[in-house]
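The values are calculated or read from the model by the stated rules, or taken from the named source; none is laboratory data. Here the structure is a predicted model, which is why all the values come from computation and not from measurement. Here the Cβ positions follow ideal geometry from the backbone for every residue, glycine too, while neighbour counts run over all protein chains shown.
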Amino acid sequence: MTGRRILTIALGILGLALSVQAQDVSPPPTGFERLGNETNLDGWWGFGTEDPRTVYSVEPEALAERKAASRADIEAHWSNLGGVLVNDGQGLYLTTDQVFGDFELLLEYKTVAGADSGVYLRGCPQVQIWDTTEAGGKWGIGAGKGSGGLWNNSNGAAGKDPLILADRPFGEWNSLRVVMVGERVSVWLNDALVVDHARMENYFDRSLPVPRTGPIQLQTHGGKISWRNIFIREIGAEEANAMLWSQGEGAYESVFNGKDFSGWAGPTDGYEIVDGALRCQPGHGGTIYTEEEYADFAVRFEFRLPPGGNNGLAIRYPGSGDTAYVGMCELQVLDSEDPRYANLDPRQYHASAYGQAAAHRGYLRNPGEWNFQEVTVIGSRIIVELNGTQVLDTDLGTITEFMFDADKFAGRTRTRGHFGFAGHNDPVSFRKVFIKRIGE
């Protein structure tokens, strides 16, 4: 057989292989974009299990150099066969050049016996993928429960173990759908819900929330794995808020009708109602509050800040005085990233218990966008979730260091009081205010 004949046959086999691969690749659904392409590894780079705060804290030039240096490793261990990404089980994790905040991710994967892999969300591990058979040898750490769980969550935490085993046999493609809003993650494996709105813990520092933005990573871990039809769409503020509103249980009751100040007391003449939202009038303020009092409760609402906007939540307010001191506390509502606030005490930024406990920063939306917030008050403990991320979990009864003298915060031991808004002259808006009593 001539060399030309051999070459022709080889090219024919290659063409058939690529044709078969091409049949595996679908166009992105409406609203989604493909991660990567169907020909090469452009749009990807590589790093492993490393704190994304460190990875992305360097100067842009240094990050670009690191990305370029990683190409040799990913080219050695990854290949793109007509849109199907194949890894040999070794090397750096394929990492998107882009970073994402709230998103919906779709992909399909196929793996082999003994493999252990996963999908890192915002650079954090991980949606687990592994050999779920007893022969795989990892039943002792949960493999028998199935793939799709947030395996790096703490033992017993929601989401660590999948709700059901939904893996397909080796050799078959599995479909994965991940929705992430804030740190809240839901996962569907082969159309079965396996993680339901669970908080994803920060593997690198469990005292911190996961980053607000980060890359998608495809983990390699000891066995061949193939990936295809990797699509993503970013979720905007309005949709994210709707998703957060759809979660939660219990009898929440509206305490603001969007039309007037029925059920509210205090200096309401310093506020106005615009397009169904309660807004502090510029140059005015004071604390308005619900006529009803609450002991333990949870409150949900949306708020919108103007640039530099400043307001606060009155928690167990007695009805007069400065809630930061005479109430249990004032939870800050503040455009924390405005330059004028660059040098505040950490206990003065958004969602902090003013002067008492600092909240995590960096999870507010831009001024002019509506934020979703939920506050839970049980005994002396306060939990604040902002746009799906828990930014404060503190027990005021255990605090010993204050921004001022402890005696100034005399109201911190209050067990009952009103809920309200403490205006500070800026047109901060609130809407959809719902409260549920806890334990009453």
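Brief remarks on what is shown
- Scope region 53-90; condition among the small types (Gly, Ala, Ser), farther than 23 Å from residue 229 by Cα and touching a strand residue (DSSP E or B) at 6+ places or on another chain (Cβ under 6 Å); matching residues: 70
- Only one entry in 265, 277, 251, 295 is under 28 Å from residue 438 (Cβ atoms), modelled with pLDDT under 95 and either hydrophobic (A, V, I, L, M, F, W, C) or in contact with a strand residue (DSSP E or B) (Cβ under 6 Å, 6 or more places away or on another chain) (or both), namely 251.
- Against the criterion of being more than 26 Å from the chain's Cα centre (by Cα), farther than 20 Å from residue 386 by Cβ and buried (at least 24 other Cβ atoms within 10 Å of the Cβ), residue 325 does not qualify.
- Some residue of region 416-424 being in contact (Cβ under 8 Å) with a residue 60 or more places away in the chain, over 24 Å from residue 249 (Cβ atoms) and of a type in the set (Phe, Trp, Tyr): yes
- If the condition is being in contact with a Lys or Arg (Cβ under 9 Å, 6 or more places away or on another chain) and either outside the structural domain of residue 113 (by TED's automatic domain parsing) or among the charged types (D, E, K, R) (or both), then region 35-94 contributes only 88.
- Of the residues 30, 49, 54, the single one that is assigned to a loop (DSSP other than H, G, I, E, B), among the polar types (S, T, N, Q) and out of contact with any Pro (no Cβ under 9 Å at 6 or more places or on another chain) is 30.
- Scanning region 213-227 for residues that are at pLDDT 95 or above, in contact with a Gly (Cβ under 6 Å, 6 or more places away or on another chain) and of a type outside the set (Ser, Thr, Tyr) turns up 214, 215, 219.
- Of 143, 135, all but one fail to be modelled with pLDDT under 95, aliphatic (A, V, I, L, M) and either surrounded by 18 or more Cβ atoms within 10 Å (Cβ to Cβ) or within 18 Å of residue 106 (Cα to Cα) (or both); the exception is 143.
- Checking each residue in region 167-184 for being within 21 Å of residue 116 (Cα to Cα) and either among the polar types (S, T, N, Q) or touching a Leu at 6+ places or on another chain (Cβ under 8 Å) (or both) picks out 167, 174, 175, 176, 177, 178.
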